[in-house]
Amino acid sequence: MRYPAALLLTLLWAVVRSSAADRPPNIVVVFFDDLGWGDLGAFGASRIRTPHLDRLAAQGTRFTSFYVAQPVCSASRAALLTGCYANRIGIHGALFPGAPTGLHAGETTLSEVLRARGYATGMVGKWHLGSQPQFLPVRHGFDDYLGLPYSNDMWPSHPTAKPGSYPPLPLIDGDRVVETQPDQRFLTERYTRRAVDFIDRHRDFPFFLYVAHSMPHVPLHVSRRRQNRSAAGVYGDVVEELDESVGVLLEALRRNGLEDNTWVVVTSDNGPWLSYGNHAGSAGPFREGKGTVYEGGIRVPCIMRWPGHIPAGRSCDAPLMTIDLLPTIARQVGASLPEKRIDGHDVWPVLNGTGPGPERTYWFYYLQNQLQAVRQGRWKLILPHAVGVLEGRPGGKDGRPEAYTQTRMGLALYDLESDPGETRNRSDRNPRVLRRLLREVELARQELGDSLAGRSGFGTREPGRAEP
């Protein structure tokens, strides 16, 4: 039996549309390094131009109470990729070159969750979860990788380190060092080109792309064509080039017809490193920055876009954390959760605006498993701990840090709805809230440990260890 050509075309188009409808969304996560809450136009920046990210925010939702689990590199990245508090899996602070520990092979990453669902997985940029071969991204669920194994300041030119402290900075492709001491002026461009290439090569299949930029972590580097263009100096130049990079990625999605079926998440690993003066970003209205559990260190900008699923032109102030991404994404794409316990929750009703999220208590650890703060609803409890803070106005020349002043922080309760800058201790006026949160703290100490309180237990699982 012969069918008219028009009918055959109609049937073929129906099959194509059905296949597209059944395809799970692509996932793109852009993770900046040390970008402050107040460094994007959509979050109030006036001297830094970020038109691509501002447009993305207009097309999606700004999440204004989005948190990282710890205000430092390795721990923050571990939480993002595993859905666990980093101390649960034995990752603390920032891992250094040649460290004998890294992300354990027994942990399940977001890339492994999605690869099991049939996704192609790629990463470009800063890894910082172990530089030994068995800890690299290609051993943790990524098919493709190009980037630095740790921070871009862990190199022989570090301004405050003793000579010989750091080996030459390696650029890794897959699991091979392909270059040492790469010209950092072109890192953002190189990462962007590789990310676009990954999109182009995998446009016919669902993919997960993790773009972990090395900037605006110091030392700041920007391509020649972007130099001296921002009113905010070299830091502004760097952020504006990062914005341009996001614009190139979004154009690659549009060009490949993937814009409507791609869930884009843009955020930062912690707040700005304030001790670098003119080389530092802005925490906006929030207190302190990187390396502290005050809002400026742990609250980061976050934008998400998935047309038809995440509302456009919306601002959401509900508390969320990077640990929630893994379980939420897994649920939406029909993937299985890790077998081991994770700490994140499915917060999809918050993301798509259909309802409130679960009643959550978020814990903020830092240093060697020190529980330093907790947020529950509008209330933020700071626990006694020592912290390095800047006295007066930040200074510094040529990216060289000034010394922090070690200060002992006492118990303090803040109402973040009326006092987001954490300036007024309300513990005396709210004894019931204080007692409730202190009971929650005891439960957390039993579950996750707290070295500051004398509770051993660096989480419930150990990091991976390199063979001697």
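The values are calculated or read from the model by the stated rules, or taken from the named source; none is laboratory data. Note that the coordinates shown come from a computational prediction; the quantities given were computed from them, not determined experimentally. Note that each Cβ is placed from the backbone with ideal geometry, even for glycine, and that neighbours are counted across all protein chains shown.
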Out of ARG254, ARG287, which single residue is outside any helix (DSSP H, G or I), modelled with pLDDT of 95 or more and of a type in the set (Lys, Arg)? ARG287
Residue, nearest to ASP33 (Cα to Cα), within region 118-129, restricted to residues that are in a loop (DSSP other than H, G, I, E, B) and more than 17 Å from the chain's Cα centre (by Cα): TYR119
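When you go through ARG439, ARG432, ARG445, ARG375 one by one, which is the residue that is outside any loop (DSSP other than H, G, I, E, B), at pLDDT 95 or above and under 21 Å from ALA75 (Cα atoms)?
Values: ARG439 fails: under 21 Å from ALA75 (Cα atoms); ARG432 fails: under 21 Å from ALA75 (Cα atoms); ARG445 fails: at pLDDT 95 or above.
None of the other options fit; the residue is ARG375.
Just need a number here: residues in region 68-87 that are of a type outside the set (A, V, I, L, M), at pLDDT 95 or above, more than 20 Å from ILE27 (Cβ to Cβ) and out of contact with any Lys or Arg (no Cβ under 6 Å at 6 or more places or on another chain).
Just the residues of region 68-87 that are of a type outside the set (A, V, I, L, M), to begin with: 70-71, 73-74, 76-77, 82-85, 87.
Remaining after also requiring at pLDDT 95 or above: 70-71, 73-74, 76-77, 82-85.
With the extra rule that they be more than 20 Å from ILE27 (Cβ to Cβ), the set shrinks to 70-71, 73-74, 85.
Imposing the further condition that a residue be out of contact with any Lys or Arg (no Cβ under 6 Å at 6 or more places or on another chain) reduces the set to 70, 73-74, 85.
The number of residues fulfilling the criteria is 4.
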For a quick check of your reading of the model, give me the residue pairs whose first member lies in region 353-364 and is over 21 Å from VAL441 (Cβ atoms), whose second is among the basic types (Lys, Arg) and surrounded by 13 or more Cβ atoms within 10 Å (Cβ to Cβ), with beta-carbon atoms closer than 9 Å and at least 6 apart or on different chains. GLY353/ARG314
All but one of (1) farther than 14 Å from GLU462 by Cα; (2) modelled with pLDDT of 95 or more hold for PRO100; state the number of the condition that does not hold. (1)
Check SER74 against each of (1) surrounded by fewer than 22 Cβ atoms within 10 Å (Cβ to Cβ); (2) touching a Leu at 6+ places or on another chain (Cβ under 6 Å); (3) of a type in the set (Ser, Thr, Tyr) and name the one condition it does not meet. (1)
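In the set VAL196, VAL138, which member is under 22 Å from the mean Cα position of the chain (by Cα) and either over 28 Å from GLU467 (Cβ atoms) or among the charged types (D, E, K, R) (or both)?
Values: VAL138 fails: either over 28 Å from GLU467 (Cβ atoms) or among the charged types (D, E, K, R) (or both).
Within the list VAL196, VAL138, the selection yields VAL196.
Given the options PRO97, PRO156, PRO149, name the one that is assigned to a loop (DSSP other than H, G, I, E, B), without any contact (Cβ under 8 Å) to a residue 40 or more places away in the chain and assigned by TED's automatic domain parsing to the domain that holds PRO168.
Every option except PRO156 fails the conditions.
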Looking at region 167-192, which of its residues are in a loop (DSSP other than H, G, I, E, B) and either within 25 Å of the chain's Cα centre (by Cα) or polar (S, T, N, Q) (or both)? LEU169, GLY174, ASP175, GLN181, PRO182, ASP183
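Looking for whichever is over 18 Å from LEU40 (Cα atoms) and either without any contact (Cβ under 8 Å) to a residue 24 or more places away in the chain or in contact with a Lys or Arg (Cβ under 7 Å, 6 or more places away or on another chain) (or both) here; the options are ARG229, ARG225, ARG203. Which one fits? Don't jump to the end; show me each part of the working.
Details: ARG229 fails: over 18 Å from LEU40 (Cα atoms); ARG203 fails: either without any contact (Cβ under 8 Å) to a residue 24 or more places away in the chain or in contact with a Lys or Arg (Cβ under 7 Å, 6 or more places away or on another chain) (or both).
When all the criteria are applied, what remains is ARG225.
For region 199-207, does any single residue satisfy the condition of being within 13 Å of ILE48 (Cβ to Cβ) and crowded, with 20+ Cβ neighbours inside 10 Å?
We begin by selecting, within region 199-207, every residue within 13 Å of ILE48 (Cβ to Cβ); these are none.
Checked region 199-207: no residue is within 13 Å of ILE48 (Cβ to Cβ) and crowded, with 20+ Cβ neighbours inside 10 Å.
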Do we have any residue at all in region 6-15 that's out of contact with any Asp or Glu (no Cβ under 7 Å at 6 or more places or on another chain), surrounded by fewer than 23 Cβ atoms within 10 Å (Cβ to Cβ), modelled with pLDDT under 95 and hydroxyl-bearing (Ser, Thr, Tyr)? yes
Filtered residues of region 317-332 (kept if touching a residue at least 40 places away in the same chain (Cβ under 8 Å) and surrounded by fewer than 20 Cβ atoms within 10 Å (Cβ to Cβ)): ASP317, ALA318, GLN332
Hey, does region 157-174 have a residue that's surrounded by fewer than 20 Cβ atoms within 10 Å (Cβ to Cβ) and of a type in the set (Phe, Trp, Tyr)? yes
Within the bounds of region 78-97, is there any residue that is under 22 Å from PRO149 (Cβ atoms), aliphatic (A, V, I, L, M) and surrounded by fewer than 24 Cβ atoms within 10 Å (Cβ to Cβ)? yes
Tell me which residues, restricted to region 312-344, are closer than 20 Å to GLY60 by Cβ and of a type in the set (Asp, Glu). ASP317, ASP324
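If only one of VAL266, VAL248, VAL218 is in contact (Cβ under 8 Å) with a residue 40 or more places away in the chain, surrounded by fewer than 23 Cβ atoms within 10 Å (Cβ to Cβ) and not acidic (Asp, Glu), which one is it?
Values: VAL266 fails: surrounded by fewer than 23 Cβ atoms within 10 Å (Cβ to Cβ); VAL218 fails: surrounded by fewer than 23 Cβ atoms within 10 Å (Cβ to Cβ).
Exactly one of VAL266, VAL248, VAL218 is in contact (Cβ under 8 Å) with a residue 40 or more places away in the chain, surrounded by fewer than 23 Cβ atoms within 10 Å (Cβ to Cβ) and not acidic (Asp, Glu), namely VAL248.
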For region 437-452, name all the residues that are surrounded by fewer than 16 Cβ atoms within 10 Å (Cβ to Cβ) and in contact (Cβ under 8 Å) with a residue 60 or more places away in the chain. GLU440
Looking at (1) more than 22 Å from CYS302 (Cβ to Cβ); (2) assigned to a loop (DSSP other than H, G, I, E, B), which is the only condition SER214 fails? (1)
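Tell me the residue from ARG299, ARG287, ARG305, ARG314 that is more than 27 Å from ILE27 (Cα to Cα), in contact (Cβ under 8 Å) with a residue 12 or more places away in the chain and assigned by TED's automatic domain parsing to the domain that holds GLY36, please. Spell out the reasoning first.
Working: ARG299 fails: more than 27 Å from ILE27 (Cα to Cα); ARG305 fails: more than 27 Å from ILE27 (Cα to Cα); ARG314 fails: more than 27 Å from ILE27 (Cα to Cα).
It is ARG287.
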